[in-house]
Structure formats: C-alpha cells, structure tokens
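Q: To start, I am sharing the structure in question, which I have written as structure tokens.
The values are calculated or read from the model by the stated rules, or taken from the named source; none is laboratory data. This structure is a prediction, so every number in the text was calculated from the model and none was measured. No Cβ is skipped: glycine too gets one built from the backbone with ideal geometry, and neighbour counts run over all protein chains shown.
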Amino acid sequence: MSIELGVSDILKITGGNLIQGNDFGLVKGISIDSRSVAEGNCFIAIKGAHFDGHDFVADAVKKGARAVIVSRGVDIGGDVPVINVDDTVKALGKLAAFHRRKFNVPVVAITGSNGKSTTKQMTAAALRSLGKVLKTEGNFNNLIGLPLTVLRWEEDDKAAVLEMGMSAPGEIGWLTEVSDPDVGVITNISAAHIEFLHSIENVAEAKGELFKHMKSDGVAVVNLEDPRVVELARRYKRRTYTFGMQNNADVRFGRMESRALESVDMTLYVEGREYKMHLKVPGTHNVMNAMAALAVAKVIGINTEEAIAGIESFEPMSMRMERIQLRNGIQLVNDSYNANPSSMKEALRTVSGAKRSGRFVAVLGDMLELGTDSDRCHEEVGKFAASYHVDRLFVFGNFATHISAGAQMGGMKKDNISVYSDINKLNEDLLHFLKTGDVVLVKGSRGMKMERVSDFLKDEIGVE
C-alpha cells in the first residue's frame, strides 16, 4: 500500500506553505528520485552531498508528480502544487511518521557500533512466524533511508525491523521519533564515528537517543556485556530484557562449538531453560547478535522454538564474514562491508581460528571516521594482527603505515608486511603470493571498497 494523501494533509503534516497550485489534489506514493517518479507521486527535493533534488523538480513533474515539496524557490510553471518547507529531509520524516502510526504491529529499532545489520537480519528471521516482516534493506538506515523504508509499509506487514545508523548527535533521536519503536536494541558501543563525535562517551550519548526517545512503555533489549549500554537503559529508566554471558541474563550464553569459518553450534538458556541453536555464521560476535535477536522475539511474544528456527534459517550477508572457497584451495573471507577497531579485532580473532593447511593472510584497509584517534587505532589493529598470528599482512590506504608499525610493535617481522597506496598493485602481488591452503581475510571501511580485492581474486582464480 503506497501512502495516499491529499495535498491539504501534506501541508498539515509537514507544516509547509503552499506557494503554487491548490490543495485539492491527491497524491499516491513518495519519491525523492526524479528518475523513478511514478504517476501520482509527491516528489520531495532533497539536497545531498552530490546532487540537489531541486534541480530535477521539473523532470519529476513531467513524469507525473502531482505535488512537490521544496525548501527553496523553483520555477516549473503550470499549476502543480508546490509546498515549501524549512527542511525537506525533516518533511520526509514527518510523512513517514504519519504513515507508521497507521499500523498497530510490533516495531523493532536496532542501532549500535557493530553488528546492527546482522542483528536486523537475524531479528527479522526470528519474527518470521508472525508473517511478512518489513525490514531495512542495504544501507537505508539513515535520515533518508529509514523514512523511505517506513513509507514502504503495507497492510500485510506484521512487524517491522528497522536499522538506525548515524553520523551526528540528534539523528538517532529523530529516527526514533519517526519510527516509534516498541522494542529498542543497542548492540554495543565502541569507537566508531569518533571523527564527528570526538569521544566514545559522545558515541554512547548519540546511540542512547534510541532508549531516550522510545515510547514510555517500550522495552530496551540490553547487552549485559557492554556497561555503557547497561548504563543507558538505567539512566532512561527503561523496562529491559537482557542477553549476555551473565547469570542474570534473560537470554544467557552457555557454550559453543565453532566449526571453523562455517558455523557455530551453541547452547543457551532462555529464562533458565536450555536450548540449542545452529548458526550458519562463525564468531562470538554472531553468537551475541543471535542472542539479541532471540531476546527481541521473546519480548514480542514469539515461541522460543519458532524464534530459534527462524534465526537458524538466517543466511550470511554479502561482504559480512562472507566465506568464499576459491578453486585453488584458498579460503577467502570477504568482510569488507565496514570496519572499526572492535570489528577488526573480532574478524582477526575469528579467522585466526580457522582450520587451514596454509597461512593466515590479512588484507586490511583504512578504518575511516576515527578523527584524531586514527593513528593510534590503526596501530592497535596492527598489534591485533600480530597477536592473532597473521602470517602475512597486506595493508592499503592512508593509514597503512600505522597498521604496519603496530604489527611490528606486536612482534611481526617487517618482511611479512606489505604496504600499498595502489589497490591494483596490491591485487597483483597478493595473487602471486597466495597458495593452496591459505586463508585470506579482506576487511576495511566501506569507503575503502575493499571488495575490489575479493572480486579480483574471484575473477582471477575462480570460485568452487
């Protein structure tokens, strides 16, 4: 069901002013992309880093837009209603908030420094017994993407699982107001976005806006292993449901058996009762993600066995600990979707435990948005690489020399480290270095596009 509103309704919801046309019309659906405007849409002109929707308002009208929302003057002629607002991104959010409140089904909001995308996918799987579940796709987790996700909401969606990203204070708070979640999850808090937020304490404050702005009867799903998350739930006096290693956790870890890079078999306890779960992804971090998803399902009222079956059906996401078997007996782990210090450490630790007959090779790119902590954090990653017994390190980017320095401080020989500013040179050298039995981890921040390494190896060597 596309959102259907009168122009007069849009004026009320957004607080805008009609500067052209009349308010008698009806629109169906919202678009921010003039290339995909459908007949009857309301086109919202949003100014981005690389484009300005105001430049394409006339194109949108030609394609059938019946109303447009702008924040500055446009000259399109005709009598199509033009609504002026102070902030078109906020107007989009207000329309999404209006649409969300038509539906009385469970809404889950998930944020955190690491694991939020995987936890979102696992949570949606855990809720599958309810029926169709709306969830954030790709990177639609920001001030534009989340409202667009909410505006896709249809009558047959029985729950919504919404991921929230941010780069500045206030963003999570606004997204929480838009989505009005019943359950909120902060997976963890670590050094991410430090460049913009300057300290981990500020990161915690920004993530904590989810708990702060949730509805009064909302439930906070709390990671007991993260004291900052525990403190946020306490500060905002939220009703909680907990997960972790602690004896008092509602969903408590028992033990696990890792099957190299393929899967994990785990025992856990839900409100004191023992259960088994099989995950198709490796790593302790994914065990925590799965427990968070199970905790959400319990809050919503899903039968535990059904929730576990749903989580067990979860398939690994592209570029997130994605295991690829190359034709020549090399295992490739493509974890290039994103990176920060804690996720780098977790990836190195997980891959270091893989069964292999050859060497552990790590190909690491820069971690972005760390500000003045960048040098230190990249040195720490180098030390992690040495401590997890990386045999050969290939590093790429502006901070590659700092990773190299840290690895040498950690005891790694300089001859076993290669530093690059040219990704193509790195690819060629890596291709000639790898041998049957090696395991290679590829990881870096999204802006580094480290999947170029994985794609090159797949193209040159082939995939089994």
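Q: If I go through segment 357-367 residue by residue, how many of them are assigned to a loop (DSSP other than H, G, I, E, B) and either within 26 Å of residue 425 (Cβ to Cβ) or not assigned by TED's automatic domain parsing to the domain that holds residue 447 (or both)?
A: Within segment 357-367, the first condition is being assigned to a loop (DSSP other than H, G, I, E, B), and the residues that meet it are 357-359, 366-367.
Restricting the remaining residues to those that are either within 26 Å of residue 425 (Cβ to Cβ) or not assigned by TED's automatic domain parsing to the domain that holds residue 447 (or both) gives 358-359, 366-367.
The qualifying residues number 4.
Q: Pick out the one residue from 436, 401 that is assigned to a loop (DSSP other than H, G, I, E, B) and surrounded by fewer than 19 Cβ atoms within 10 Å (Cβ to Cβ).
A: Numbers: 401 fails: assigned to a loop (DSSP other than H, G, I, E, B).
Going through 436, 401 in turn, the sole match is 436.
Q: Report, by residue number, each residue of segment 1-23 that is over 15 Å from residue 151 (Cα atoms) and among the aliphatic types (A, V, I, L, M).
A: 7, 11, 18, 19
Q: Criterion first (modelled with pLDDT of 95 or more, out of contact with any strand residue (DSSP E or B) (no Cβ under 8 Å at 6 or more places or on another chain) and either surrounded by fewer than 17 Cβ atoms within 10 Å (Cβ to Cβ) or closer than 30 Å to residue 119 by Cα (or both)) does residue 409 satisfy it? Don't jump to the end; show me each part of the working.
A: Numbers: modelled with pLDDT of 95 or more: yes; out of contact with any strand residue (DSSP E or B) (no Cβ under 8 Å at 6 or more places or on another chain): yes; either surrounded by fewer than 17 Cβ atoms within 10 Å (Cβ to Cβ) or closer than 30 Å to residue 119 by Cα (or both): yes.
Answer is yes for this residue.
Q: Being on the phi < 0 side of the Ramachandran plot and aliphatic (A, V, I, L, M): is that true of residue 266 here? Let's see the steps before the verdict.
A: Values: on the phi < 0 side of the Ramachandran plot: yes; aliphatic (A, V, I, L, M): yes.
So residue 266 fits the description; yes.
Q: Could you please let me know if residue 336 is crowded, with 24+ Cβ neighbours inside 10 Å and touching a residue at least 40 places away in the same chain (Cβ under 8 Å)?
A: yes
Q: Among (1) in a helix (DSSP H, G or I); (2) β-branched (Val, Ile, Thr); (3) in contact with a strand residue (DSSP E or B) (Cβ under 8 Å, 6 or more places away or on another chain), which single condition is residue 372 missing?
A: The one condition residue 372 does not meet is (3).
Q: Could you count how many residues in segment 412-422 are touching a strand residue (DSSP E or B) at 6+ places or on another chain (Cβ under 6 Å) and surrounded by fewer than 22 Cβ atoms within 10 Å (Cβ to Cβ)? Walk me through it before giving the result.
A: Quick first cut of segment 412-422, residues touching a strand residue (DSSP E or B) at 6+ places or on another chain (Cβ under 6 Å) only: 416-420.
Okay, now just the ones that are also surrounded by fewer than 22 Cβ atoms within 10 Å (Cβ to Cβ), so 416, 418-420.
Looking only at that region, the number is 4.
Q: Can you work out which of the residues in segment 4-22 that are β-branched (Val, Ile, Thr) and either assigned by TED's automatic domain parsing to the domain that holds residue 153 or assigned to a helix (DSSP H, G or I) (or both) is surrounded by the most Cβ atoms within 10 Å (Cβ to Cβ)?
A: We begin by selecting, within segment 4-22, every residue β-branched (Val, Ile, Thr); these are 7, 10, 13-14, 19.
Checking which are either assigned by TED's automatic domain parsing to the domain that holds residue 153 or assigned to a helix (DSSP H, G or I) (or both) leaves us with 7, 10, 13-14.
Working: 7: 21, 10: 27, 13: 16, 14: 23.
So the residue we want is 10.
Q: Of everything in segment 184-224, what is surrounded by fewer than 17 Cβ atoms within 10 Å (Cβ to Cβ), touching a residue at least 40 places away in the same chain (Cβ under 8 Å) and either in a loop (DSSP other than H, G, I, E, B) or of a type in the set (A, V, I, L, M) (or both)? Give them in sequence order.
A: 198
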